[in-house]
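This report refers to the structure that appears directly beneath it.
The values are calculated or read from the model by the stated rules, or taken from the named source; none is laboratory data. Keep in mind the model is a prediction, meaning the values are calculated, not measured. Glycine gets a Cβ as well: all are built from the backbone with ideal geometry, and neighbour counts include every protein chain shown. Accessible surface areas use protein heavy atoms only, side chains included; no ligands, DNA or RNA. Shrake-Rupley method; radii C 1.70, N 1.55, O 1.52, S 1.80 Å.
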Amino acid sequence: RGHQTIALSKDGVTVVYGENMRGKTSLLNAIRFVFFGKVIGRGTKTMSLHKVGNWEQAANGKFGFQVQLEFSESWRAYKLTRACRLREPGVSPSGDDDYIVDYYLERDGEVLGPQQAEAELRRILPEQISRFFLFDGELLQEYEDLLVSDADMGRRISDAIERILGVPVLTASRASLLRLKEKSERREATAAQGDQKTREFGNQLADLHAQRDI
């Protein structure tokens with residue numbers, strides 16, 4: 001309830017752990033909400049925004065919530081703010097239709113237009129792959145089942161996930177670099193052989209000049 005802040009590490013992976021019902025998933029959902037305007041419960045089902053607000057605050061007649069995320073990407077500073085507020089202030093809400101969700105994005109202190117902001121957010125964190133970056137350990141069994149599955153559907157889903165994450169591009173790039181490395185080594189060896197022959201010709205020429213001088 002009230003104004004809460006948390007600072008995450010700027011580098012690497014942040015691991016949040018603790019007992020059940022301590023707010024780990026709520027923290028993930030705060031980040032998910034500010035990016036995509038949705039909250040996901042157990043079983044990956046989208047939850048009602050009306051039901052995820054703080055119930056102590058709601059008991060005092062205060063409804064809705066806001067998340068503000070400050071981060072940097074490509075050496076630029078961003079501030080993303082998304083709010084879930086009552087459509088008609090003062091009216092007691094009964095469902096999601098009683099709320100309005102809106103957001104704005106600042107980049108280096110400048111507020112971006114709606115289309116530009118949407119394009120920036122899609123570029124920074126596409127929703128299709130967000131669950132791999134906002135990873136909930138309770139879903140780990142889903143991924144294990146997917147990886148060990150012998151079914152054709154499991155393989156197709158796994159391939160699709162790898163394509164989304166860009167794994168084939170990385171794999172192909174690695175193979176291309178290996179081929180370029182081998183080609184470079186062959187050219188280097190050829191050049192070394194040519195250099196050896198040049199030195200031999202030079203030595204022979206020096207001997208001939210010496211004989212001519214004699």
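Things to note:
- The share of accessible area on the chain that comes from carbon and sulfur is 53 percent, using a 1.4 angstrom probe.
- Estimated vicinal HN-Hα couplings, Hz - the stretch 103-113 in sequence order (Karplus 6.51, -1.76, 1.60; Gly, Pro = x): 8, 8, 10, 9, 10, 6, x, 9, 6, 7, x
- Size-normalised alpha-carbon gyration radius of the chain, reference 2.2 N^0.38 Å: 1.77
- For the stretch 17-105, the alpha-carbon radius of gyration amounts to 1.18 times the rule-of-thumb value 2.2 N^0.38 Å expected for a compact globular protein.
- Accessible surface calculations at 1.4 Å, restricted to protein heavy atoms, place the chain at 77 Å² per residue.
- Residue-span extension gain [T190 to E56] - 0.36 nm each, minus C-alpha spacing: 40.5 nm
- For the stretch 65-132, the list of trypsin sites (Lys or Arg not before Pro) that fall in a loop by DSSP and count at most 12 other C-beta atoms within 10 angstrom reads R87.
- Projected onto planes of every orientation and averaged, the convex hull of the alpha-carbon atoms in the stretch 147-213 covers 6.7 nm².
- Computed label-point distance, nm, for sites S130 and K181 using a 7 Å Cα→Cβ extension: 3.8
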